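What follows is a set of notes on a single structure, which appears directly below.
The values are calculated or read from the model by the stated rules, or taken from the named source; none is laboratory data. These numbers come from a predicted model, not from an experiment. Counting neighbours? That spans all protein chains shown, and the Cβs are built from the backbone with ideal geometry, glycine included.
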């Protein structure tokens, strides 16, 4: 049997201060993703009813809520701002504690926040409810993504994460539509009570039918633990243990054990920040102006609010379709970087078309922006699972979502600050430039990790065990 001294010495030197690997234990039976997705998705979708209704009706029902029109912006944005500080602790909590202990209570906290909207009036009670909702959504969204990562592997993770994202878009879209319809029919307070009840129902569904997944796949999907390598192609390549060393082959690579050294994860976070800044932040906040300035002249006889709502609903449908398709494509193609690069490229085209400003260009551009939104949002969560070890996935998902919340919070004020000098076309072209930067990062990392494939095979042949929480650099 041959021994590669170069590999052994390199591994010993780099793992000297790494955490001692835990003893091998018999893995728990895997949990089917299909068994998890229904209670997880229903709980997530139902929880969005109150939040989506708030965005739809609060600007026109300030009297019922007991606030002034000038405070609407604060009420609608404070939940996103507080999540910037809550996502990290939420991810850390999911890394340390069972998923059900956190996810199920988060759903009931969401129900409580919506009940506050219904039972109280005035700025301060409503602000407290929105802050409570920010806490709840950090627990719901980070927990949901972490659960999906628990029960999937690199070979099917894209598909299942995309399907979970579909529940998010379904809840947001139907919540906005049903919330507006119910508010017109039964009033603001009654609608919020209904939304709170639905959120509580979602919590009960998760309480009774969502299994615990924290230890569902201990060691599963780890290419070194399984004796396989998942390179640029995610298809498994058998490791030839005991193979003699060859001249010119790279030395063994020991991946970093800290998230701050995980460059791929930071790129995924940057993509989500760009995505949410450009689409949820800038485009979402200025879509009404686009319709008013560029589309109303078509003369269809529809109001600005109706046209804006129709475009927003169409965006939701396209995002619902794009998320699972992009995830499945990344599983099939074998490269998250490549598929994410395609999605970011679509974002460049979408922003350029909206900047062009003709009615047809706006329609196509908004639709393509939804494709980018759904695909990038899903793939960044998948990459968080691919690039972080099982012990760090909650924090990895928290980092990606913090970048997204920061982007969506900064988008509206930056867009309106730039409008007087650049105009709408200039602001959208700036967003297109950000997507170009994202595409460049995708191309760079695609080439970088492709070059690490041989290094990954080398690790498996040397039998190097990854430290708990480390990334797989060849994905």
Inset, instruction - Determine, yes or no, whether residue 372 is more than 12 Å from the chain's Cα centre (by Cα), buried (at least 24 other Cβ atoms within 10 Å of the Cβ) and part of a helix (DSSP H, G or I). - result: yes
Legend entry - Check on residue 224, modelled with pLDDT of 80 or more and at negative phi: no
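Among the residues of segment 192-215, is there at least one that is within 29 Å of residue 86 (Cα to Cα), modelled with pLDDT under 85 and outside any loop (DSSP other than H, G, I, E, B)? If you could, list the steps in order and put the result at the bottom.
The first filter runs over segment 192-215 and keeps only residues within 29 Å of residue 86 (Cα to Cα), leaving 192-215.
With modelled with pLDDT under 85 added as a condition, the list becomes 215.
With outside any loop (DSSP other than H, G, I, E, B) added as a condition, the list becomes none.
Within segment 192-215, none of the residues are within 29 Å of residue 86 (Cα to Cα), modelled with pLDDT under 85 and outside any loop (DSSP other than H, G, I, E, B).
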Inset, instruction - State which residue pairs qualify: first residue more than 21 Å from residue 183 (Cα to Cα) and inside segment 61-79, second residue surrounded by fewer than 15 Cβ atoms within 10 Å (Cβ to Cβ) in any location, beta carbons under 9 Å apart, and separation of 6 or more residues or different chains. - result: 74/123
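What are the residues in segment 142-159 that are in a helix (DSSP H, G or I) and surrounded by fewer than 24 Cβ atoms within 10 Å (Cβ to Cβ), if any? Please lay out each step first, then the result.
Going through segment 142-159, the residues in a helix (DSSP H, G or I) turn out to be 142-150, 157-159.
159 - this is the single residue of segment 142-159 that is in a helix (DSSP H, G or I) and surrounded by fewer than 24 Cβ atoms within 10 Å (Cβ to Cβ).
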Inset, instruction - Provide a single number: the residues in segment 418-470 that are on the phi < 0 side of the Ramachandran plot and modelled with pLDDT of 85 or more. - result: 26
